[in-house]
Every structure is written in C-alpha cells, then in structure tokens.
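Data first, discussion second: the structure below is written as structure tokens.
The values are calculated or read from the model by the stated rules, or taken from the named source; none is laboratory data. Note that the structure is a prediction, hence the values are computed from the model and not measured. Because the Cβ atoms are built from the backbone with ideal geometry, glycine has one as well, and the counts that use them run over all protein chains shown.
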Amino acid sequence: MKTLKIKQAHAAKIKKGYPLILKEAVLSKDDDITEGSLIGLTDEKGGFLGKGYYGVQNKGIGWVLTQNRDEPIDQRFFLSRLTKAFQERNELFGDSDTTAFRVFNGEGDGIGGLTIDYYDGYFLIQWYSKGIYAYKESVVTALDELSDYKAIYEKKRFSSAGQYVEDDDFVKGTRGEFPIIVKENGIHFAVYLNDGAMTGVFLDQRNVRKAIRDRYAEGKTVLNTFSYTGAFSVAAALGGAAKTTSVDVANRSLNRTIEQFSVNGLDHEAHDIKVMDVFNYFSYAVKKQLSYDLVILDPPSFARTKKRTFSAAKDYKNLLKETIAITKNEGVIVASTNSSAFGMKKFKGFIDAACKETGTSCTVLEEYSLPEDFKTVKSYQEGNYLKVVFLRIHHR
Ligand code: SAH
C-alpha cells in the first residue's frame with residue numbers, strides 16, 4: 001500500500017473526520033498511483049491518519065475509508081458499511097407508501113464516491129470515479145448478501161466533471177421492463193433505470209414534494225420551472241392545485257410529464273406543459289400579465305442552452321427577481337438549489353438581495369435540506385448540497 005503525506009492543516013481536518021482527499025492536501029507526489037489503489041495517509045511527521053482509496057473525481061483524488069489502523073479494506077469492510085446503511089433505512093424499507101429512496105449515500109455512509117438507490121426491488125449504483133468502480137465486485141457481493149433484489153443497474157459517472165458515461169447500465173438479475181412504477185408518500189412515479197443519466201425522479205426532494213402536496217397546493221395556481229418530468233407539478237395537482245404549469249426546455253420533458261400525470265390518474269390536459277426556456281417564459285408571463293400563487297424554482301447548478309449559460313452561484317439572485325415579478329401578492333416561492341458551491345447562509349443572502357432589490361418583503365416559512373436517507377457527515381458540509389426555502393412574498 002502506498003502512503004501519502006498530508007500537509008499539516010489538512011491533516012488536522014482529516015483527524016476530525018473530513019473524508020475527502022484533496023489534491024492540494026497531499027505533500028508527496030500522487031501521479032503514479034493507479035485508480036482504485038488503497039492508500040495510507042500520514043501527517044508530515046509520519047503519524048497515521050487513515051486509509052482510503054485513490055479515485056480522481058471532479059473534487060478530490062480519493063476518499064478516506066477508515067481511521068482505524070487495524071481495519072482491513074476488504075469484502076467484509078464493504079459488507080459492514082452497507083449493512084449499517086441498510087439497517088438505518090429499515091423504516092423506509094417497511095413503508096409501503098414509499099418504495100424509492102437512497103440506501104447508501106457516499107461519504108455519509110462511510111464510502112465516498114458511491115451511492116445506491118432503491119427503486120421497488122431494483123438497485124441503482126452510481127460510481128463517481130474509476131477508482132471506486134474497481135470495487136464493483138465487493139459492492140455487488142454485499143448487495144447479494146443483503147437483499148433479494150430483482151436486478152442491479154449502475155451509472156458510471158467517472159468522466160471528468162462527474163458526467164454520466166453512456167452505456168448499457170444493466171449489471172445483474174432479471175432485466176426490468178421500464179418504466180417501473182415506484183411510490184413516494186403515495187405519489188406514483190414512472191422510473192427508467194436504463195435510459196441515460198437520470199431516472200425520472202430526484203429522490204432527494206421527497207419531503208419538499210410532500211410539503212407542497214399536503215400544505216401549499218390546494219386551490220392554487222402553480223408554476224413549476226425547470227420542471228424535468230413534472231414531479232413537483234404532480235405533487236401539487238394531487239394536493240388539489242387549481243392548475244399547474246410546467247416549464248422545461250428539454251423536448252423529452254413533455255412526454256415524461258404527461259406520463260407522470262397519467263400514472264397518478266390525473267388528467268394532464270387540465271394542466272399546461274411547456275417545452276420552453278424558463279427565461280423566455282418569464283418574459284412571456286410578464287407580457288401576458290400572468291401571475292401565480294405558488295412558484296417552484298429548482299434550476300440545475302449549471303446549464304448551457306444555445307443562448308446563455310446559467311450558474312446558480314452567479315445567477316440565482318436574478319432568477320429570483322424574475323420569479324418575484326410573476327408571483328401573486330401573498331404568494332409562495334419554493335426556492336431550491338442543489339449547488340454545492342455555496343451553503344444555506346449564502347443562499348439566503350441571494351434571497352435577501354432579490355427581495356430587497358425588488359422592494360418586496362419576504363418571509364421565510366420553512367427550510368429543507370437533504371432527507372434522512374441522504375445521510376451526510378458534519379465534517380463534510382459540501383455533501384449537504386440541497387437547500388430549499390419556502391418564501392411568502394408581500395409586494396409593496
Ligand atoms: N425540478 C426538477 C428537476 C430539475 S432538473 C424535479 O424536481 O424533478 C433540471 C432541469 O432543468 C432539466 O430538466 C433541464 O432540461 C432543465 N433546464 C435547464 N436549463 C433550462 C432553461 N434555461 N429553461 C428551462 N429548463 C431548463
């Protein structure tokens with residue numbers, strides 16, 4: 001096993017549980033280490049810090065796996081981490097209203113660069129580096145021991161920016177017929193595990209969808225921007241929304257949104273689904289003097305269309321200002337971001353600035369971060385990426 005010397009300041013962080021091995025933290029050279037190699041970490045004086053694996057991601061060059069000198073990283077290690085993770089999701093496994101959730105959340109469950117989601121008997125493994133992919137057999141063997149699953153699928157996300165590598169994503173078991181229909185607090189979602197990078201539903205928004213359905217939708221006009229397959233629109237419609245409008249620039253979003261309405265027994269023709277750039281929709285809405293009781297704003301961290309690039313860190317404030325302009329007085333904005341480039345404090349700063357600059361007084365009604373199955377560790381706040389703020393708008 002190769003040993004990497006860690007600079008003193010970083011060594012102190014790793015001692016406190018920081019799990020990511022940053023390139024700039026390493027004193028010795030790391031160029032000749034192969035993906036998947038186990039590495040020992042020491043401080044500058046050679047004092048033991050931990051053991052981990054080498055795997056280059058968009059962030060970092062690997063993850064600490066144990067701070068226990070005597071714990072071997074072998075099949076038993078993977079089984080023990082997965083077993084613990086499964087036990088912690090016992091309640092979700094027993095919940096017949098929710099059949100899709102995360103069973104293993106990377107560093108939060110002790111193995112960075114690896115996530116596993118459960119979709120009603122199917123597992124979806126996501127590998128975030130070639131390094132962690134080297135442990136595929138150990139992870140699959142652990143799943144074999146823990147569950148009588150229908151099949152395992154995978155997403156390889158180890159190209160440079162953590163982007164998905166196109167492939168047949170089937171690993172083993174009996175191939176599913178997609179879409180499969182999963183449930184989340186009784187809401188149905190059509191899910192595809194072998195059709196590109198995304199499955200049709202983002203499982204980290206479970207609590208937000210429930211809040212919208214149960215407490216914010218009844219009788220309201222709802223605008224869902226960056227709507228993807230319309231999961232928030234469906235939640236609002238099930239909660240009794242007067243009408244929802246879903247806006248997404250991707251062509252595929254139309255059929256996929258119609259499908260999500262249909263699998264919930266909702267008439268999609270009673271709702272609007274627009275394939276359109278959100279920024280153009282804002283101009284259109286202003287021109288037509290449209291306004292909404294509830295607006296959901298959940299943009300990607302980064303997006304590039306032909307006309308513009310959007311970055312949440314740079315552009316969220318302006319996006320909110322445009323949203324405020326088409327929100328009814330006393331209406332609610334659900335401001336959401338999955339950007340790990342900033343935390344809740346900075347996000348609230350964007351919100352405050354947008355409210356001030358539009359002369360609006362905004363009241364925070366509630367806040368959400370990742371749900372409990374997306375387990376995170378205190379020492380690595382970047383992993384706690386989701387931030388959702390429900391805002392009441394008072395126009396002056
Ligand atoms: N809110 C969704 C997830 C959004 S994923 C949900 O909860 O399911 C981000 C979506 O933004 C993608 O579907 C992408 O097509 C869309 N998108 C990116 N840039 C856009 C733009 N300028 N206008 C409209 N949609 C955009």
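At-a-glance table
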item: So VAL26, is it of a type in the set (A, V, I, L, M, F, W, C) and under 19 Å from ASP109 (Cα atoms); result: no
item: Among the residues listed as LEU320, LEU294, the single one being closer than 22 Å to TYR216 by Cα and touching a Lys or Arg at 6+ places or on another chain (Cβ under 8 Å); result: LEU294
item: Sole residue being within 14 Å of the ligand (Cβ to nearest atom) and without any contact (Cβ under 8 Å) to a residue 40 or more places away in the chain, chosen from LYS210, LYS243; result: LYS210
item: Residues of the range 60-80 satisfying the condition of being of a type outside the set (Gly, Ala, Ser), touching a strand residue (DSSP E or B) at 6+ places or on another chain (Cβ under 8 Å) and surrounded by 15 or more Cβ atoms within 10 Å (Cβ to Cβ); result: ILE61, TRP63, VAL64, LEU65, THR66, GLN67, ILE73, PHE77
item: Test set (1) outside any helix (DSSP H, G or I); (2) more than 8 Å from the ligand (Cβ to nearest atom); (3) surrounded by fewer than 21 Cβ atoms within 10 Å (Cβ to Cβ) - GLU259 fails condition number; result: (1)
item: Of the criteria (1) over 28 Å from SER96 (Cα atoms); (2) touching a residue at least 12 places away in the same chain (Cβ under 8 Å), which one VAL191 fails; result: (1)
item: Residue among VAL201, VAL295 that is farther than 18 Å from GLU184 by Cα, touching a strand residue (DSSP E or B) at 6+ places or on another chain (Cβ under 6 Å) and within 13 Å of the ligand (Cβ to nearest atom); result: VAL295
item: Residues of the range 361-374 classified as of a type outside the set (A, V, I, L, M), in contact with a strand residue (DSSP E or B) (Cβ under 9 Å, 6 or more places away or on another chain) and surrounded by fewer than 20 Cβ atoms within 10 Å (Cβ to Cβ), total; result: 7
item: Residues of the range 263-292 that turn out to be in contact (Cβ under 8 Å) with a residue 60 or more places away in the chain and either within 27 Å of ALA190 (Cα to Cα) or within 9 Å of the ligand (Cβ to nearest atom) (or both), as a count; result: 2
item: Options ALA217, ALA231, ALA236: the member that is away from the ligand (no atom under 14 Å from the Cβ), closer than 30 Å to LYS274 by Cβ, surrounded by 15 or more Cβ atoms within 10 Å (Cβ to Cβ) and in the same structural domain as GLU322 (by TED's automatic domain parsing); result: ALA217
item: The range 221-267 - residue that is touching a strand residue (DSSP E or B) at 6+ places or on another chain (Cβ under 8 Å) and of a type in the set (Asp, Glu) and, of those, nearest to TYR292 (Cα to Cα); result: ASP248
item: Residues of the range 273-291 that turn out to be of a type outside the set (Lys, Arg) and either within 11 Å of TYR228 (Cα to Cα) or touching a helix residue (DSSP H, G or I) at 6+ places or on another chain (Cβ under 9 Å) (or both), as a count; result: 11
item: Search result, residues across the range 28-51 that are among the small types (Gly, Ala, Ser) and either out of contact with any strand residue (DSSP E or B) (no Cβ under 6 Å at 6 or more places or on another chain) or touching a residue at least 60 places away in the same chain (Cβ under 8 Å) (or both); result: GLY36, SER37, GLY46, GLY47
